[in-house]
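These notes concern the structure reproduced below.
The values are calculated or read from the model by the stated rules, or taken from the named source; none is laboratory data. A quick note: this is a predicted structure, and the numbers were derived from the prediction, not measured. As a convention, Cβ positions derive from the backbone with ideal geometry for all residues, glycine included, and neighbour counts pool all protein chains shown. When the accessible area is computed, the model is the full protein with side chains, heavy atoms only, and any ligands, DNA or RNA have been set aside. Shrake-Rupley method; radii C 1.70, N 1.55, O 1.52, S 1.80 Å.
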Amino acid sequence: MSRPPEQGTPLTRGVDHLAIVSDDMPLAMDFYTRVLGFRLVHARRVPYEQDRWQPPYDNLRHYFFDMGNDSLFAIFEYPKGLPSQNRDHVGGMQHVAFHVPAEKFDAMIERVKACGVHVIGPVPLGGRFWSAYFLDPFGVRLEIATSRTETPMSNVESVRQTEEEARAELETLFSDPKEVEKWLRHMPLKEKSGSEPDFTTMPA
């Protein structure tokens, strides 16, 4: 079994850039700037370099967009005619969730709908989570998520569990009690309180 990471501040700050694949860069540019309000910040071609798992095509377009909070959204343009990825296969990217502040959440949903995109939601998912779902032109499942709590809290803080909640789930994963205790020791658990929201239902 793998050893859980040492407790403390992660060495990473968050997402530097997230890259998806399209086969039509103008269509991708239009969707992500017009519908989601991203901003194109860098346009380049990428040479093929086999030794670092680059895409197996030379001179591909690789464009970067500002998606907020100093994070980048990148798009590779692959040749047309390739099969589409199945997001529900192991190793696939199931979906991308973008955080939207609560005060802008409803307006963001209306913006997406006004662009002619079918939206499911908003849907309450338990605890602080409210989400809405839609697809980009290439079938990538997108989510916009927000926090609707009376007391503002960070994303990480909002998903902390009590020991009882975490233990109940971990015991379904590990038959060895020592494994359960090992992982519990490395989780930032919260004290149980009747006034705190229920986080047993998480976004999918």
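Some notes on this structure:
- Per-atom-type breakdown for the stretch 2-123 gives carbon and sulfur 53% of the accessible area (1.4 Å probe, protein chains only).
- The fraction of Cα-Cα pairs per 10 angstrom bin, counted from 0 for the stretch 17-87, comes to 19, 50, 28, 2 percent, rounded to whole percents.
- With R₀ fixed at 25 Å, the C-beta to C-beta distance from Asp16 to Glu49 puts the FRET efficiency at about 0.85.
- Per residue, the accessible area of the stretch 1-84 comes to 69 Å², computed with a 1.4 Å probe over protein heavy atoms only.
- Leading residue at positive end of dipole, the chain (Cβ point charges), from Phe129, Ser22, Met93: Ser22
- Mean Cα-pair separation over length for the chain, i.e. relative contact order, pairs under 8 Å, 6 or more apart, %: 18
- Candidates Thr9, Gly139, Thr33 compared by Cα position along the dipole of the chain: farthest toward the positive end lies Thr33, with charges placed on Cβ.
- Order by protection proxy (mean Cβ within 10 Å, highest first), peptides 9-18, 100-109, 151-160: 100-109, 151-160, 9-18
- Cα lying deepest toward the dipole's positive end in the chain, options Trp183, Pro56, Gln161, charges on Cβ: Pro56
- Size descriptor, Kirkwood hydrodynamic radius, that averages inverse alpha-carbon separations across the chain, Å: 19.8
- With the cut-off at under 12 Å, measuring from each backbone N in the stretch 123-159 to a point 7 Å along the Cα-to-Cβ line of Leu27 picks out 136-140.
- Pair-distance profile P(r), taking every C-alpha pair of the stretch 50-168, with 5 angstrom steps and integer %: 2, 8, 14, 17, 18, 16, 10, 8, 5, 2, 0
- Additional length obtainable on full extension of the chain from Trp183 to Glu150, 0.36 nm per residue less Cα span: 8.8 nm
- With the simple spin-label model, which puts each label point 7 Å out from Cα in the Cβ direction, the Thr9 to Thr172 separation comes to 3.5 nm.
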